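In what follows, a single structure is set out as structure tokens and then discussed.
The values are calculated or read from the model by the stated rules, or taken from the named source; none is laboratory data. What you see is a predicted model; the values in this text were computed from it and never measured. Positions of Cβ are backbone-derived with ideal geometry, glycine not excepted, and every protein chain shown enters the neighbour counts.
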Amino acid sequence: MGIPGSGLAKGLAVTLRTMTRKSHTAQYPDAQPELPPRTRGVIGLFEENCTVCMLCARECPDWCIYIDSHKETVPPAAPGGRERSRNVLDRFAIDFALCMYCGICIEVCPFDALFWSPEFEYAETDIRELTHERDKLRDWMWTVPAPPALDPAAEEPKEIAAARKAADKLAAAEAAAAAEAAGADNDTPGDTPRGNGAAS
Ligand code: SF4
Ligand code: SF4
């Protein structure tokens, strides 16, 4: 059996210890919290990259992404070619009242059209206002932090390696063509420099 009052003393000791520790509470909104740059605050839409593949809407566990689109016929690139059709985005909205910030939509997007922004100050008094339409989602893109710099020791991304190889090949072909043209100019009879015999 413990000493009477020891529990109370222990409790008071904990209270005293906590009182003397530095507080971690941020006095928001008077003081802005220091959030990590990759905080899941809100989702931004980079519309130009969106192909309306619907993958994000299908994978969203909360079914809170709404996409409408229509098909448009694109004329053939060359005469005699076939017409193609493409999806045109009419509506892209996310209901942040339902979103659980899992990030699945951003992970599955094959075209890098969705990004996390650390912005979180978009509370509303009307729940319907939490459905952000495409213009608002686009505006969030301005608050998306730049990606971290590449690791200098990392392997070159294959897209950059392929582009560099193609550029090198093109430069080599252009240099060879220029050298050939210069050689042809030198071989032209009219261009032959006159020697001593011509002067006499
Ligand atoms: S973060 Fe998750 S819940 Fe929110 S829209 Fe994306 S997939 Fe849906
Ligand atoms: S997954 Fe990406 S590209 Fe496909 S509809 Fe969603 S945002 Fe657009």
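Checking the structure you have, find out if any residue of the stretch 21-32 is more than 26 Å from Asp126 (Cβ to Cβ), more than 14 Å from ligand 1 (Cβ to nearest atom) and in contact (Cβ under 8 Å) with a residue 12 or more places away in the chain.
no
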> Within the stretch 136-160, which residues are of a type outside the set (Val, Ile, Thr), in a helix (DSSP H, G or I) and at pLDDT below 90?
Replying inline: Lys158, Glu159
>> Please list, ordered by residue number, the strands (runs of 3 or more DSSP E) wholly in the stretch 49-122 having 1 or more residues that are away from ligand 1 (no atom under 16 Å from the Cβ).
In response: 65-74, 84-95
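Would you confirm whether any residue within the stretch 90-104 is of a type in the set (Lys, Arg), surrounded by fewer than 17 Cβ atoms within 10 Å (Cβ to Cβ), under 28 Å from Thr73 (Cα atoms) and assigned by TED's automatic domain parsing to the domain that holds Asn49?
Yes, because at least one residue in the stretch 90-104 is of a type in the set (Lys, Arg), surrounded by fewer than 17 Cβ atoms within 10 Å (Cβ to Cβ), under 28 Å from Thr73 (Cα atoms) and assigned by TED's automatic domain parsing to the domain that holds Asn49.
Among the listed residues Asp139, Asp112, Asp135, which satisfies the condition of being acidic (Asp, Glu), within 12 Å of the chain's Cα centre (by Cα) and under 27 Å from Met54 (Cβ atoms)?
Answer to the check: Asp112.
Listed here are the residues, each with its yes/no results for (1) outside the structural domain of Pro33 (by TED's automatic domain parsing); (2) among the polar types (S, T, N, Q); (3) at pLDDT 90 or above.
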| site | (1), (2), (3) |
| --- | --- |
| Asn87 | no, yes, yes |
| Val108 | no, no, yes |
| Glu124 | no, no, yes |
| Arg128 | no, no, yes |
| Thr131 | no, yes, yes |
| Arg134 | no, no, yes |
| Ala163 | yes, no, yes |
| Ala167 | yes, no, yes |
| Gly197 | yes, no, no |
> Right, Pro147: away from ligand 2 (no atom under 16 Å from the Cβ) and closer than 14 Å to Phe46 by Cβ or not?
Replying inline: yes
